[in-house]
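*Asks:* Structure incoming, see below.
The values are calculated or read from the model by the stated rules, or taken from the named source; none is laboratory data. Quick caveat: nothing in here was measured; it's all calculated off a predicted structure. All Cβ positions, even for glycine, are placed from backbone atoms using ideal geometry, and neighbour counts span all protein chains on display.
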Amino acid sequence: MTLKYLIQKEFLQIKRNAFLPKLIVMFPIVIMCVIPWVMQMEVKNIVVDVVDNDRSTGSQQLVHSIEASNYFIFNGQKTTYKEALNEIERGKADVVLVIPQDFAKNVAKGLTPQVLIAANAVNGTKGAIGSAYLSQIVMANALPSTAAIQSRVSTLMLYNKHQNYKLFMIPALLAIVMMLMTGFLPTLNIVGEKEAGTIEQMNVTPVSKWAFILSKLIPYWLIALFVVTVCLLLAKLIYGISPAGPVWLVFLLAMLLALFFSSFGLIISNYSDTMQQAIFVMWFFVVCLMLLSGLFTPTRSMPHWAYLTTYVNPMHYFIDAIRTVFIRGGGFHEIAHQVWALLGIGLIMAAWAVQSYKKNS
């Protein structure tokens, strides 16, 4: 019964806060409605300058192929390479294509012409992918036999067949929302009571440490259920995307992640004296966990020492499991390893949260 009233106290505190209820409702809505449209790795609108030193029908066909591409913005033809490079240095172009003399003659003779592609690699992703796109167009025009072979090659996508980047990003956004909502809010809870002085009233009561910490955790687990439900409904209504696997596994994974982050937030709150200190410590760990989880880049691309951190990173287990369920349609058997890892890490952090709370009677 004591736990019941403590939970009621937590919900009353949240309700009386003029900002928190609005944040809990609006944050997942804004994230799911806006971010999937802008957060994608597909590179488009690459500005291209062309230097045509051949001035032949074949070279003009190559230029027209670039103009017709959906990935490029044709910025016109320049007279010299130096002039085109100056456009890159001024930020008005991303890639320069230099077509050599006798381009069409070499193609007609079956020779491979040497075409120069110079890309602005300040943005490495845009430079690399833009160069690759442009190289494919050049190869198709310079080596018709290669283009004919490529046209007979078909690629079978086993998962996410239409390469819809929103389907790939929605599980990642769900992880970010869960991390911020169930991580930062508990972090500010106890330290907020310390600053307000209300924690002293709780310390002189006969409430056990387990009951006190559970009363802090359970409301955020319920908030996590609400957030996941809102995110899944918005994904279905706005994008027509729903999990390919069992929905209950999505909720299970979300609750296990909420167990970790809410416990971790309370640990930081127990050791912090001010909100500023708690926010900065939590932000440090959140950024590290997020960037080392495989959320944006494959973990196998990391150095070996950095890859070893994924074994203790709950975000990595969650991302791996949620994409298996959401995109591949995997069941519990396929994600059992991640589930047990999340449960183990979450229980350790919950026990630490209880142990770190100092109750002075």
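*Asks:* When you look at Gln101, is it under 14 Å from Asp54 (Cβ atoms), at pLDDT below 85 and assigned by TED's automatic domain parsing to the domain that holds Thr57, yes or no?
*Replies:* It is false that Gln101 is under 14 Å from Asp54 (Cβ atoms), at pLDDT below 85 and assigned by TED's automatic domain parsing to the domain that holds Thr57.
Rundown of residues vs (1) assigned to a loop (DSSP other than H, G, I, E, B); (2) small (Gly, Ala, Ser); (3) in the same structural domain as Ile66 (by TED's automatic domain parsing); (4) at pLDDT 80 or above, yes/no style:
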residue	(1), (2), (3), (4)
Thr146	no, no, yes, no
Leu174	no, no, no, yes
Asn189	no, no, no, no
Glu195	no, no, no, no
Gln201	no, no, no, no
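*Asks:* If you scan region 38-57, which residues turn out to be at pLDDT below 85 and touching a helix residue (DSSP H, G or I) at 6+ places or on another chain (Cβ under 8 Å)?
*Replies:* Met39, Gln40, Met41, Glu42, Val43
*Asks:* If the requirement is being more than 26 Å from Asp273 (Cβ to Cβ), surrounded by fewer than 21 Cβ atoms within 10 Å (Cβ to Cβ) and either within 22 Å of the chain's Cα centre (by Cα) or free of Cβ contacts under 8 Å to residues at least 24 places away in the same chain (or both), which of these qualifies: Ala321, Ala306?
*Replies:* Ala306
*Asks:* I need the full set of residues from region 89-120 which are surrounded by fewer than 18 Cβ atoms within 10 Å (Cβ to Cβ) and within 16 Å of Asn45 (Cβ to Cβ), in order please.
*Replies:* Gly91, Lys92
*Asks:* If you don't mind, there's one more thing I want to ask. So, of the residues in region 1-29 that are modelled with pLDDT of 85 or more and exposed (fewer than 12 other Cβ atoms within 10 Å of the Cβ), which turns out to be nearest to Leu237 (Cα to Cα)?
*Replies:* Checking each candidate, the answer is Met26.
*Asks:* What is the residue count in region 256-280 for residues that are part of a helix (DSSP H, G or I) and crowded, with 18+ Cβ neighbours inside 10 Å?
*Replies:* Total satisfying the criteria: 16.
*Asks:* OK, next. Take the residues of region 282-302 that are touching a residue at least 24 places away in the same chain (Cβ under 8 Å) and out of contact with any Pro (no Cβ under 9 Å at 6 or more places or on another chain): which is surrounded by the fewest Cβ atoms within 10 Å (Cβ to Cβ)?
*Replies:* Applying the first criterion (touching a residue at least 24 places away in the same chain (Cβ under 8 Å)) to region 282-302 yields 282, 286, 289-290, 292-296.
Restricting the remaining residues to those that are out of contact with any Pro (no Cβ under 9 Å at 6 or more places or on another chain) gives 282, 286, 290, 292, 294-296.
Working: Met282: 23, Val286: 20, Met290: 19, Leu292: 19, Gly294: 22, Leu295: 20, Phe296: 12.
Among those that are touching a residue at least 24 places away in the same chain (Cβ under 8 Å) and out of contact with any Pro (no Cβ under 9 Å at 6 or more places or on another chain), it is Phe296.
*Asks:* What is the residue count in region 289-311 for residues that are farther than 18 Å from Ile176 by Cα and among the β-branched types (Val, Ile, Thr)?
*Replies:* Residues meeting the conditions: 1.
*Asks:* Step by step: first the residues of region 244-254, then only those that are over 15 Å from Val230 (Cβ atoms) and not aromatic (Phe, Trp, Tyr), then the one that is nearest to the chain's Cα centre (by Cα). Which residue is that? Give the derivation first.
*Replies:* Residues of region 244-254 that are over 15 Å from Val230 (Cβ atoms), as a first pass: 244-246, 248-249, 252-253.
Checking the rest, the ones that are also not aromatic (Phe, Trp, Tyr) come to 244-246, 249, 252-253.
Working: Ala244: 19, Gly245: 20, Pro246: 22, Leu249: 20, Leu252: 20, Leu253: 17 Å.
Filtering first and then ranking leaves Leu253.
*Asks:* Determine whether Lys216 is of a type in the set (D, E, K, R) and surrounded by fewer than 16 Cβ atoms within 10 Å (Cβ to Cβ).
*Replies:* It is false that Lys216 is of a type in the set (D, E, K, R) and surrounded by fewer than 16 Cβ atoms within 10 Å (Cβ to Cβ).
*Asks:* Turning to a different aspect of this structure: Report every pair of residues separated by at least 6 positions or lying on different chains whose Cβ atoms are under 8 Å apart, first residue within region 51-62 and in the same structural domain as Ala108 (by TED's automatic domain parsing), second hydroxyl-bearing (Ser, Thr, Tyr) and buried (at least 19 other Cβ atoms within 10 Å of the Cβ).
*Replies:* Sorted first by the residue in region 51-62, then by its partner, the pairs are Asp52/Ser59.
*Asks:* Next up: In region 48-115, which helices (runs of 4 or more DSSP H) lie fully inside it and hold 2 or more residues that are within 37 Å of the chain's Cα centre (by Cα)? Spell out how you get there, then give the answer.
*Replies:* Values: elements: 57-68, 81-89, 103-108.
Answer list for region 48-115: 57-68, 81-89.
*Asks:* Would you point out which residue out of Asn75, Asn123, Asn86 is under 14 Å from Asn45 (Cα atoms), out of contact with any His (no Cβ under 9 Å at 6 or more places or on another chain), surrounded by 12 or more Cβ atoms within 10 Å (Cβ to Cβ) and modelled with pLDDT of 85 or more?
*Replies:* On the way: Asn123 fails: modelled with pLDDT of 85 or more; Asn86 fails: under 14 Å from Asn45 (Cα atoms).
None of the others qualify; the one that does is Asn75.
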